[in-house]
Structures are given as structure tokens and as C-alpha cells.
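Written below as C-alpha cells is the structure these notes are about.
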Amino acid sequence: MHSALWVSKTGMAAQDTKMTAISNNLANVNTVGFKRDRVVFEDLFYSIQRQPGAQVDQVNQLPTGVQLGSGVRVVGTQKVFTQGNTQNTGQEMDLAVMGQGFFQIENSDGQIMYSRNGQFHVNSEGLMVNSQGLPLQPQIQIPEDATSLSIGVDGTVTTTSATDSTPQTLGQITLARFINPAGLEALGGNLFRETDASGQAEELVAGEDGVGSIKQGVLEGSNVQVVEEMVDMITTQRAYEMNAKVVSAADDMLKYVSQSV
């Protein structure tokens with residue numbers, strides 16, 4: 001069978017995977033704290049029919065060879081952790097990390113997860129939780145009689161009550177940092193899990209060692225750029241069409257050979 005069929009088949013499969021990533025990016029354009037995915041390609045092994053640099057005679061060498069590639073494959077997808085646009089909400093429980101850090105969330109099984117989504121709420125026990133009801137770590141418990149909540153750039157949480165206007169410190173929100181955040185495992189629900197590729201989480205005070213500061217009353221939006229994704233979608237579609245045309249051309253060549261023989 002004509003090798004071009006297999007080569008173009010790998011191209012179509014790779015472009016289909018990239019289109020899936022683009023569609024996911026566009027679907028999450030309004031997801032708080034979402035980080036876009038990009039697809040990483042690599043070429044497959046080569047069939048070397050004539051080795052570059054082979055000796056033609058005792059003096060001369062081949063300047064080039066004959067190397068035929070066998071296609072392309074998706075070698076990975078990578079989260080791009082650039083800062084998303086910030087939106088002022090004025091809500092006391094809305095937080096944004098201005099830097100590289102992650103909020104720490106305790107899962108239902110006690111495992112620590114990580115998130116860039118700072119849209120927090122208060123549950124029936126007064127604990128700060130995310131949209132899924134999972135508590136923030138370190139836990140911050142807000143008194144029932146609290147009238148105002150203030151969170152500093154270093155994560156210090158203070159509150160005042162109707163009976164006492166003196167600020168009372170409730171705790172401090174710390175942030176986690178990874179040497180390779182692109183190696184985190186995306187779990188959905190705006191949560192990430194630590195892996196061997198990401199390295200161990202380093203818990204730091206906000207504002208120190210480049211982990212980033214915390215801003216209250218602000219949310220970090222998705223870092224998806226719609227125009228960029230639309231351009232990628234068009235180029236991906238065209239690349240898919242060209243690979244499909246190669247399949248059609250190779251089929252026509254085989255058809256001609258079979259009818260001519």
C-alpha cells in the first residue's frame with residue numbers, strides 16, 4: 001500500500017487531536033482560573049534509504065541522503081500557565097493570585113489539590129470552601145457574627161464583628177508553587193494534582209519568593225485568547241484538509257496503477 005496513505009493518516013489524527021484541544025480552550029473561555037492547552041507534535045521515525053555522508057568513493061561523500069519520514073504524532077499536551085485577565089467583582093470571598101502560586105484545596109479523601117480558581121464561599125460550619133464544597137487549606141473559619149472580611153496581599157485574614165470593631169486575625173492563606181507547573185495533572189473542576197513531573201509543592205507565604213500576592217475582590221479569568229484560538233482553528237482545519245487531499249491523491253495513484261496493470 002502507498003506509504004503516503006499512512007503518513008497522511010497520522011497527520012489527520014494529529015490535527016484532530018489539536019482541534020479537540022482548541023475546542024476545549026474555547027469552551028472554557030469564561031471559566032475562572034482556566035489555563036489553555038497547547039498540543040506538542042513530533043515527527044515519527046525515518047526510513048533511511050541512503051545514508052547522508054556515505055562514501056561515494058575514496059575521496060568524496062554524499063552531501064545528502066534519502067530519508068523518508070513516516071508521519072507525525074502528538075507527544076503531549078501542555079498547560080500554559082500565563083496570567084489571565086483579572087476582573088473586579090467587589091466580593092469579599094473572591095481572590096486572585098497575582099503570580100505563580102496555587103490555592104490549596106483539601107479533597108474529600110484528605111488529599112491536597114491545587115487550583116487557580118479563587119471563587120470561594122462559606123459553608124454551614126463557617127469554613128471557606130470552593131464551588132464544590134471542598135475546604136481551603138489552611139482552613140479559615142469565619143465567625144457567625146462577622147460583619148466584614150479582609151484578606152491582605154500576604155494572605156492574612158482578619159474580620160470584625162458587630163460587637164467588636166477591633167480586627168481579629170483568623171489565620172493566613174498560604175500558596176503552593178511548583179518548579180514545573182506544566183507537569184501537574186488536570187482533574188477537572190479547576191483542580192490540579194501533584195505529579196512526579198511537576199515536582200513537590202512548595203508552600204510559601206503570599207508575596208514571598210515570587211509565589212505571587214493575593215488580591216481580594218478580584219477573580220482571575222481564563223487565559224484563553226479567542227482570536228488566537230480562532231486562528232489556530234482555521235490553520236488546523238486547513239492542515240486536516242490538506243492531509244485528506246493527500247489521502248485522495250494517493251488513492252487516485254493506486255487506482256491508476258490497478259487499472260493500468
TODO: Enumerate the strands (runs of 3 or more DSSP E) found wholly within region 40-112, keeping only those where 2 or more residues are touching a helix residue (DSSP H, G or I) at 6+ places or on another chain (Cβ under 6 Å) and surrounded by 12 or more Cβ atoms within 10 Å (Cβ to Cβ).
DONE: 72-79
- [ ] Give me a count of the residues in region 124-161 that are more than 27 Å from the chain's Cα centre (by Cα) and free of Cβ contacts under 8 Å to residues at least 12 places away in the same chain.
- [x] 1
Task: Test: ASP209 is part of a loop (DSSP other than H, G, I, E, B), in contact with a Gly (Cβ under 9 Å, 6 or more places away or on another chain) and open to solvent by 80 Å² or more (accessible area, probe 1.4 Å) - done: no
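Here are some residues: LEU149, LEU68, LEU134. Which one is touching a Ser or Thr at 6+ places or on another chain (Cβ under 9 Å), more than 24 Å from SER161 (Cβ to Cβ) and not assigned by the TED database to the domain that holds ASN30?
LEU134
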Task: Cβ pairs under 9 Å, 6+ apart, first in region 167-196 and closer than 20 Å to GLN111 by Cα and without any contact (Cβ under 8 Å) to a residue 40 or more places away in the chain, second buried (at least 20 other Cβ atoms within 10 Å of the Cβ) and acidic (Asp, Glu) - done: none
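Confirm whether SER23 is modelled with pLDDT of 95 or more, loosely packed, with under 15 Cβ neighbours inside 10 Å and not assigned by the TED database to the domain that holds GLY183.
Spelling it out, SER23 is indeed modelled with pLDDT of 95 or more, loosely packed, with under 15 Cβ neighbours inside 10 Å and not assigned by the TED database to the domain that holds GLY183.
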Task: region 166-179, subset of a type in the set (S, T, N, Q) and part of a strand (DSSP E or B), residue least open to solvent (accessible area, probe 1.4 Å) - done: THR174
Task: Condition met for ALA249 (touching a helix residue (DSSP H, G or I) at 6+ places or on another chain (Cβ under 8 Å), over 20 Å from LEU134 (Cβ atoms) and in the same structural domain as SER148 (by the TED database)) - done: no
Open item on the list: Could you tell me how many of the residues in region 65-104 are under 18 Å from the mean Cα position of the chain (by Cα) and not hydroxyl-bearing (Ser, Thr, Tyr)?
Closed with: 19
TODO: Taking ALA182 as the residue in question, decide whether it is more than 26 Å from LEU127 (Cα to Cα), assigned by the TED database to the domain that holds GLY99 and open to solvent by less than 70 Å² (accessible area, probe 1.4 Å).
DONE: yes
Open item on the list: Just checking, does region 231-241 include any residue being without any contact (Cβ under 8 Å) to a residue 24 or more places away in the chain and of a type in the set (Phe, Trp, Tyr)?
Closed with: no
Open item on the list: Checking the condition part of a strand (DSSP E or B) and of a type in the set (S, T, N, Q), which residue from THR158, THR195, THR163 passes?
Closed with: THR158
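The values are calculated or read from the model by the stated rules, or taken from the named source; none is laboratory data. Here the structure is a predicted model, which means the values were calculated and not measured. Here Cβ is always computed from backbone atoms with ideal geometry, including for glycine, and neighbour counts include all displayed protein chains. With ligands, DNA and RNA removed, areas are computed over all heavy atoms of the protein, side chains included. Shrake-Rupley method; radii C 1.70, N 1.55, O 1.52, S 1.80 Å.
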